[in-house]
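Everything below concerns the one structure shown next.
The values are calculated or read from the model by the stated rules, or taken from the named source; none is laboratory data. All values derive from a computational prediction rather than experimental measurement. Glycine also receives a Cβ, built like all others from the backbone with ideal geometry; neighbour counts cover every protein chain displayed. Remember, those area values only see protein heavy atoms, side chains included, never the ligands or the DNA or RNA. Shrake-Rupley method; radii C 1.70, N 1.55, O 1.52, S 1.80 Å.
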Amino acid sequence: MSLLLRHTLLALAALAAVVLLTMVVDPFTNVRIATVGYYLVAVAGLTLLTGGNGQISLGHGAFMFIGAYTVGLLVIYVPSFPFWLDLLLAGVTAGLAGMLTGAAAARLHGPYLAGATLGLAVGLPAITQRFPDFLGGSNGLAFTVNSLPAGLKVPQTQWQAWVVWTTTLLVLVLLANVVRGRFGRMLRAVRDDEVAAALSGIHIGRTKIMAFLLSSACGGLAGGLQAFLLGTAAPGSFSVALSLSLLAAMVLGGVGSLWGALWGALALVYVPAWANDVTHSLDLSTNITQNLPLAVFGTVLVVVVLVFPRGIHGAFARLWQSVRKGKP
(Lines give C-alpha, C1' and ligand atoms only; values in the text may rest on other atoms or scores of the structure.)
Protein backbone atom coordinates (compact mmCIF):
# COMPACT_ATOMS: atom_id res chain seq x y z
CA MET A 1 0.00 0.00 0.00
CA SER A 2 1.38 3.41 -0.97
CA LEU A 3 2.08 6.04 1.66
CA LEU A 4 -0.47 8.48 0.22
CA LEU A 5 -3.20 5.83 0.12
CA ARG A 6 -2.52 4.77 3.71
CA HIS A 7 -2.62 8.35 4.97
CA THR A 8 -5.81 9.02 3.00
CA LEU A 9 -7.55 5.97 4.46
CA LEU A 10 -6.52 6.99 7.98
CA ALA A 11 -7.86 10.49 7.34
CA LEU A 12 -11.20 9.14 6.08
CA ALA A 13 -11.50 6.91 9.15
CA ALA A 14 -10.72 9.87 11.41
CA LEU A 15 -13.29 12.05 9.61
CA ALA A 16 -15.95 9.35 10.03
CA ALA A 17 -15.15 9.21 13.75
CA VAL A 18 -15.43 12.99 14.07
CA VAL A 19 -18.77 13.03 12.20
CA LEU A 20 -20.18 10.33 14.50
CA LEU A 21 -18.88 12.14 17.58
CA THR A 22 -20.45 15.45 16.57
CA MET A 23 -23.82 13.73 16.18
CA VAL A 24 -23.96 12.66 19.84
CA VAL A 25 -22.61 15.73 21.64
CA ASP A 26 -24.09 19.16 22.34
CA PRO A 27 -23.40 22.28 20.20
CA PHE A 28 -20.90 23.73 22.69
CA THR A 29 -18.83 20.53 22.56
CA ASN A 30 -18.96 20.69 18.75
CA VAL A 31 -17.37 24.14 18.94
CA ARG A 32 -14.61 22.72 21.15
CA ILE A 33 -14.05 19.83 18.74
CA ALA A 34 -13.73 22.32 15.87
CA THR A 35 -11.35 24.44 17.97
CA VAL A 36 -9.10 21.42 18.45
CA GLY A 37 -9.13 21.03 14.66
CA TYR A 38 -7.86 24.47 13.74
CA TYR A 39 -5.31 24.48 16.57
CA LEU A 40 -4.08 21.15 15.23
CA VAL A 41 -3.45 22.74 11.83
CA ALA A 42 -1.43 25.56 13.41
CA VAL A 43 0.58 23.27 15.72
CA ALA A 44 1.23 20.79 12.89
CA GLY A 45 2.64 23.60 10.75
CA LEU A 46 4.84 24.73 13.61
CA THR A 47 5.97 21.13 14.11
CA LEU A 48 7.13 21.00 10.49
CA LEU A 49 9.12 24.23 10.92
CA THR A 50 10.61 23.73 14.37
CA GLY A 51 10.66 19.97 14.83
CA GLY A 52 11.39 19.14 11.21
CA ASN A 53 13.71 21.99 10.23
CA GLY A 54 15.00 23.37 13.54
CA GLN A 55 13.72 26.93 13.05
CA ILE A 56 12.13 28.39 16.18
CA SER A 57 9.15 30.63 15.51
CA LEU A 58 7.42 32.72 18.16
CA GLY A 59 5.25 34.47 15.60
CA HIS A 60 2.75 31.91 14.37
CA GLY A 61 -0.09 33.85 15.94
CA ALA A 62 0.68 36.55 13.36
CA PHE A 63 0.10 34.10 10.49
CA MET A 64 -3.20 33.07 12.07
CA PHE A 65 -4.03 36.79 12.22
CA ILE A 66 -3.35 37.12 8.49
CA GLY A 67 -5.53 34.12 7.67
CA ALA A 68 -8.42 35.24 9.86
CA TYR A 69 -8.46 38.78 8.48
CA THR A 70 -8.13 37.49 4.91
CA VAL A 71 -11.28 35.39 5.37
CA GLY A 72 -13.08 38.24 7.15
CA LEU A 73 -12.29 40.81 4.47
CA LEU A 74 -13.20 38.45 1.65
CA VAL A 75 -16.54 37.55 3.25
CA ILE A 76 -17.37 41.23 3.79
CA TYR A 77 -16.07 42.78 0.57
CA VAL A 78 -16.21 39.87 -1.90
CA PRO A 79 -19.26 37.88 -0.80
CA SER A 80 -19.52 36.17 -4.20
CA PHE A 81 -16.44 34.05 -3.46
CA PRO A 82 -17.20 30.53 -2.23
CA PHE A 83 -15.96 29.78 1.26
CA TRP A 84 -13.41 27.21 0.13
CA LEU A 85 -11.77 29.89 -2.02
CA ASP A 86 -11.65 32.27 0.98
CA LEU A 87 -9.86 29.56 2.97
CA LEU A 88 -7.46 28.83 0.14
CA LEU A 89 -6.59 32.51 -0.23
CA ALA A 90 -6.08 32.76 3.54
CA GLY A 91 -3.47 30.00 3.34
CA VAL A 92 -1.84 31.51 0.24
CA THR A 93 -1.66 35.01 1.77
CA ALA A 94 -0.15 33.74 5.02
CA GLY A 95 2.20 31.48 3.06
CA LEU A 96 3.52 34.43 1.05
CA ALA A 97 4.01 36.39 4.28
CA GLY A 98 5.87 33.41 5.72
CA MET A 99 8.03 33.13 2.62
CA LEU A 100 9.04 36.78 2.97
CA THR A 101 9.71 36.25 6.68
CA GLY A 102 11.77 33.17 5.94
CA ALA A 103 13.78 35.00 3.27
CA ALA A 104 14.49 37.87 5.66
CA ALA A 105 15.44 35.53 8.50
CA ALA A 106 17.23 32.82 6.50
CA ARG A 107 20.60 33.67 8.04
CA LEU A 108 19.29 33.90 11.59
CA HIS A 109 19.49 31.04 14.07
CA GLY A 110 18.23 30.20 17.54
CA PRO A 111 17.24 33.14 19.74
CA TYR A 112 17.86 35.65 16.95
CA LEU A 113 15.29 33.96 14.72
CA ALA A 114 12.90 33.59 17.65
CA GLY A 115 13.26 37.29 18.44
CA ALA A 116 12.60 38.31 14.85
CA THR A 117 9.40 36.25 14.65
CA LEU A 118 8.33 37.49 18.08
CA GLY A 119 8.53 41.02 16.72
CA LEU A 120 6.14 39.96 13.95
CA ALA A 121 3.67 38.60 16.52
CA VAL A 122 3.84 41.82 18.53
CA GLY A 123 3.70 44.31 15.67
CA LEU A 124 1.34 42.84 13.09
CA PRO A 125 -1.94 42.92 15.10
CA ALA A 126 -1.26 46.60 15.86
CA ILE A 127 -1.81 47.39 12.17
CA THR A 128 -5.55 47.27 12.86
CA GLN A 129 -5.19 50.56 14.75
CA ARG A 130 -3.67 52.22 11.69
CA PHE A 131 -6.61 51.28 9.46
CA PRO A 132 -9.63 51.17 11.78
CA ASP A 133 -12.19 51.79 9.00
CA PHE A 134 -10.90 48.88 6.94
CA LEU A 135 -9.80 46.42 9.65
CA GLY A 136 -12.23 47.35 12.41
CA GLY A 137 -9.71 48.71 14.91
CA SER A 138 -9.50 47.01 18.29
CA ASN A 139 -13.01 45.57 17.87
CA GLY A 140 -12.03 43.74 14.70
CA LEU A 141 -14.40 42.44 12.04
CA ALA A 142 -17.73 40.67 12.54
CA PHE A 143 -19.31 38.67 9.74
CA THR A 144 -21.35 35.57 8.95
CA VAL A 145 -20.11 32.78 6.70
CA ASN A 146 -23.01 31.10 4.95
CA SER A 147 -21.42 27.81 3.92
CA LEU A 148 -24.18 25.36 4.80
CA PRO A 149 -25.43 23.71 1.57
CA ALA A 150 -29.08 24.25 0.74
CA GLY A 151 -31.20 21.32 1.79
CA LEU A 152 -28.72 19.96 4.36
CA LYS A 153 -30.56 19.85 7.69
CA VAL A 154 -27.83 19.76 10.34
CA PRO A 155 -27.05 22.15 13.23
CA GLN A 156 -24.70 24.99 12.35
CA THR A 157 -22.03 24.03 14.90
CA GLN A 158 -22.06 20.43 13.67
CA TRP A 159 -21.53 21.53 10.08
CA GLN A 160 -18.75 23.88 11.15
CA ALA A 161 -16.97 21.04 12.96
CA TRP A 162 -17.22 18.92 9.79
CA VAL A 163 -15.75 21.67 7.64
CA VAL A 164 -12.92 22.38 10.08
CA TRP A 165 -11.96 18.72 10.44
CA THR A 166 -12.22 17.99 6.72
CA THR A 167 -9.75 20.83 6.10
CA THR A 168 -7.59 19.74 9.01
CA LEU A 169 -7.30 16.16 7.79
CA LEU A 170 -6.49 17.28 4.25
CA VAL A 171 -3.65 19.38 5.66
CA LEU A 172 -2.40 16.50 7.80
CA VAL A 173 -2.36 14.12 4.82
CA LEU A 174 -0.30 16.68 2.90
CA LEU A 175 2.12 17.27 5.79
CA ALA A 176 2.49 13.56 6.52
CA ASN A 177 3.51 12.91 2.92
CA VAL A 178 5.86 15.90 2.95
CA VAL A 179 7.53 14.74 6.17
CA ARG A 180 7.96 11.17 4.88
CA GLY A 181 9.10 12.24 1.42
CA ARG A 182 12.24 13.71 -0.13
CA PHE A 183 11.56 17.24 1.07
CA GLY A 184 11.11 15.98 4.63
CA ARG A 185 14.52 14.31 4.47
CA MET A 186 15.99 17.59 3.23
CA LEU A 187 14.40 19.46 6.15
CA ARG A 188 15.88 17.04 8.68
CA ALA A 189 19.29 17.14 7.01
CA VAL A 190 19.38 20.94 7.30
CA ARG A 191 18.18 20.71 10.90
CA ASP A 192 20.86 18.21 11.89
CA ASP A 193 23.89 19.70 10.13
CA GLU A 194 23.74 22.60 7.67
CA VAL A 195 27.32 22.14 6.49
CA ALA A 196 26.84 18.46 5.71
CA ALA A 197 23.51 19.22 4.04
CA ALA A 198 25.11 21.88 1.84
CA LEU A 199 27.93 19.51 0.87
CA SER A 200 25.35 16.92 -0.18
CA GLY A 201 23.80 19.41 -2.60
CA ILE A 202 20.90 20.79 -0.55
CA HIS A 203 20.22 24.52 -0.95
CA ILE A 204 20.03 25.62 2.69
CA GLY A 205 18.33 28.99 2.23
CA ARG A 206 15.74 27.70 -0.21
CA THR A 207 14.87 24.77 2.07
CA LYS A 208 14.41 27.06 5.07
CA ILE A 209 12.22 29.44 3.10
CA MET A 210 10.03 26.58 1.84
CA ALA A 211 9.66 25.31 5.40
CA PHE A 212 8.52 28.76 6.49
CA LEU A 213 6.11 28.96 3.56
CA LEU A 214 4.41 25.64 4.35
CA SER A 215 4.31 26.32 8.08
CA SER A 216 2.89 29.82 7.76
CA ALA A 217 0.31 28.62 5.22
CA CYS A 218 -0.88 26.18 7.90
CA GLY A 219 -1.07 29.08 10.34
CA GLY A 220 -3.11 31.09 7.85
CA LEU A 221 -5.51 28.19 7.29
CA ALA A 222 -5.89 27.80 11.04
CA GLY A 223 -6.72 31.49 11.39
CA GLY A 224 -9.19 31.28 8.52
CA LEU A 225 -10.90 28.31 10.14
CA GLN A 226 -11.08 30.18 13.44
CA ALA A 227 -12.72 33.13 11.70
CA PHE A 228 -15.16 30.75 9.99
CA LEU A 229 -16.06 29.14 13.32
CA LEU A 230 -16.39 32.30 15.43
CA GLY A 231 -17.56 34.80 12.80
CA THR A 232 -15.05 37.37 14.05
CA ALA A 233 -11.48 38.46 13.44
CA ALA A 234 -10.15 40.68 16.24
CA PRO A 235 -6.53 41.58 17.11
CA GLY A 236 -7.02 40.54 20.74
CA SER A 237 -7.41 36.93 19.61
CA PHE A 238 -3.90 36.89 18.09
CA SER A 239 -1.70 38.22 20.87
CA VAL A 240 1.82 37.05 21.71
CA ALA A 241 0.25 34.67 24.22
CA LEU A 242 -1.28 32.71 21.31
CA SER A 243 2.10 32.27 19.61
CA LEU A 244 3.67 31.11 22.87
CA SER A 245 0.75 28.75 23.53
CA LEU A 246 1.16 27.14 20.10
CA LEU A 247 4.86 26.58 20.78
CA ALA A 248 4.07 25.17 24.22
CA ALA A 249 1.46 22.83 22.73
CA MET A 250 4.02 21.55 20.24
CA VAL A 251 6.54 20.83 23.02
CA LEU A 252 3.85 19.25 25.20
CA GLY A 253 2.71 16.90 22.44
CA GLY A 254 6.16 16.05 21.18
CA VAL A 255 8.49 18.08 18.96
CA GLY A 256 8.68 16.81 15.40
CA SER A 257 5.63 14.54 15.54
CA LEU A 258 2.28 15.15 13.84
CA TRP A 259 0.68 12.83 16.40
CA GLY A 260 2.27 15.06 19.02
CA ALA A 261 0.56 18.04 17.39
CA LEU A 262 -2.78 16.32 18.02
CA TRP A 263 -2.03 15.77 21.72
CA GLY A 264 -0.81 19.35 22.01
CA ALA A 265 -3.95 20.76 20.38
CA LEU A 266 -6.16 18.67 22.67
CA ALA A 267 -4.27 19.92 25.71
CA LEU A 268 -4.41 23.52 24.48
CA VAL A 269 -8.21 23.37 24.33
CA TYR A 270 -9.23 21.03 27.11
CA VAL A 271 -6.71 21.61 29.94
CA PRO A 272 -7.62 25.33 30.33
CA ALA A 273 -11.31 24.47 29.78
CA TRP A 274 -11.29 21.86 32.54
CA ALA A 275 -9.40 24.19 34.87
CA ASN A 276 -11.91 26.93 34.12
CA ASP A 277 -14.81 24.57 34.91
CA VAL A 278 -13.18 23.69 38.23
CA THR A 279 -12.66 27.32 39.24
CA HIS A 280 -16.30 28.13 38.51
CA SER A 281 -17.56 25.10 40.42
CA LEU A 282 -15.47 26.11 43.47
CA ASP A 283 -16.70 29.71 43.27
CA LEU A 284 -13.19 31.16 43.45
CA SER A 285 -12.31 34.84 43.16
CA THR A 286 -12.19 36.60 39.79
CA ASN A 287 -8.39 36.90 39.77
CA ILE A 288 -7.97 33.16 40.36
CA THR A 289 -10.66 32.31 37.82
CA GLN A 290 -8.91 34.36 35.13
CA ASN A 291 -5.36 33.10 35.79
CA LEU A 292 -5.74 29.52 37.02
CA PRO A 293 -6.40 27.90 33.59
CA LEU A 294 -3.15 29.34 32.21
CA ALA A 295 -1.27 28.32 35.37
CA VAL A 296 -2.63 24.79 35.13
CA PHE A 297 -1.62 24.51 31.47
CA GLY A 298 1.87 25.76 32.35
CA THR A 299 2.14 23.26 35.20
CA VAL A 300 1.08 20.39 32.94
CA LEU A 301 3.67 21.50 30.38
CA VAL A 302 6.49 21.59 32.96
CA VAL A 303 5.56 18.22 34.47
CA VAL A 304 5.27 16.49 31.09
CA VAL A 305 8.59 17.91 29.85
CA LEU A 306 10.36 16.83 33.07
CA VAL A 307 8.85 13.34 33.18
CA PHE A 308 8.58 12.73 29.40
CA PRO A 309 11.23 14.84 27.59
CA ARG A 310 9.89 13.66 24.21
CA GLY A 311 6.36 14.85 25.04
CA ILE A 312 3.09 12.98 25.30
CA HIS A 313 3.52 11.18 22.00
CA GLY A 314 7.04 10.16 22.98
CA ALA A 315 5.65 8.65 26.18
CA PHE A 316 3.02 6.68 24.26
CA ALA A 317 5.61 5.50 21.72
CA ARG A 318 7.91 4.34 24.51
CA LEU A 319 5.04 2.51 26.21
CA TRP A 320 4.08 0.80 22.95
CA GLN A 321 7.68 -0.32 22.40
CA SER A 322 7.79 -1.74 25.91
CA VAL A 323 4.57 -3.66 25.30
CA ARG A 324 5.87 -5.07 22.01
CA LYS A 325 9.15 -6.15 23.59
CA GLY A 326 7.22 -7.86 26.37
CA LYS A 327 5.28 -10.04 23.91
CA PRO A 328 6.43 -13.66 23.61
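For a quick size check, give me the Cα extents of the chain along its three principal axes, largest first, whole Å.
Taking max minus min along each principal axis of the Cα atoms, the chain gives 52, 51, 47 Å.
Compute the normalised compactness of segment 62-123: alpha-carbon radius of gyration over 2.2 N^0.38 Å, N being the residue count.
For segment 62-123, the normalised Cα radius of gyration is 1.33.
Which order do S200, S239 take when ranked by solvent-accessible area (1.4 Å probe, heavy atoms of all protein chains), largest first?
S200, S239
Provide the gained length on full extension for the span R318 to T29, in nm with one decimal, where the gain is 0.36 nm per separating residue minus the Cα-Cα distance.
100.9 nm
How far apart, in nanometres, would the label points at V302 and W84 be if each is projected 7 angstrom from Cα along the Cα-to-Cβ direction?
4.7 nm
Full extension from S2 to S138: what is 0.36 nm times the residue separation minus their Cα-Cα distance, to one decimal in nm?
So the extension gain works out to 44.1 nm.
Leaving ligands and nucleic acids out of the surface, order T8, T299 by accessible area at 1.4 Å, largest first.
Sorted descending by solvent-accessible area, the residues read T299, T8.
A241 to A196: extension gain in nm, 0.36 nm per residue of separation minus the Cα-Cα distance?
Full extension from A241 to A196 adds 12.6 nm.
Let me have the relative contact order for the chain, percent, based on Cα pairs under 8 Å that are six or more residues apart.
Contact order relative to length: 31 percent.
For M23, what accessible area in Å² do you get when you roll a 1.4 Å probe over the heavy atoms of the protein chains, rounding to the nearest 10?
Rounded to the nearest 10, the figure is 110 Å².
What FRET efficiency, computed as 1/(1 + (r/R0)^6) with R0 = 41 Å and r the Cβ-Cβ distance, is obtained for L174 and V122, rounded to the nearest 0.05?
Using R0 = 41 Å, I get an efficiency of 0.85.
Where in the chain are the helices, taken as whole DSSP H runs, whose Cα atoms extend 27 angstrom or more along the long axis and whose Kyte-Doolittle mean reaches at least 1.0?
Those that clear 27 Å and a mean of 1.0 are 3-24, 27-46, 83-104, 204-230, 286-307.
Tell me, what does the Kirkwood hydrodynamic radius of segment 169-328 come to in angstroms if you use every pair of distinct C-alpha atoms?
18.4 Å
Tell me, what is the 1.4 Å probe accessible area of I76, in Å² to the nearest 10?
70 Å²
Select from G72, V195, A211 the residue farthest towards the positive end of the dipole of segment 3-238; place +1 on Cβ of Lys and Arg, -1 on Cβ of Asp and Glu, and compute about the Cα centre.
The listed residue farthest towards the positive side: V195.
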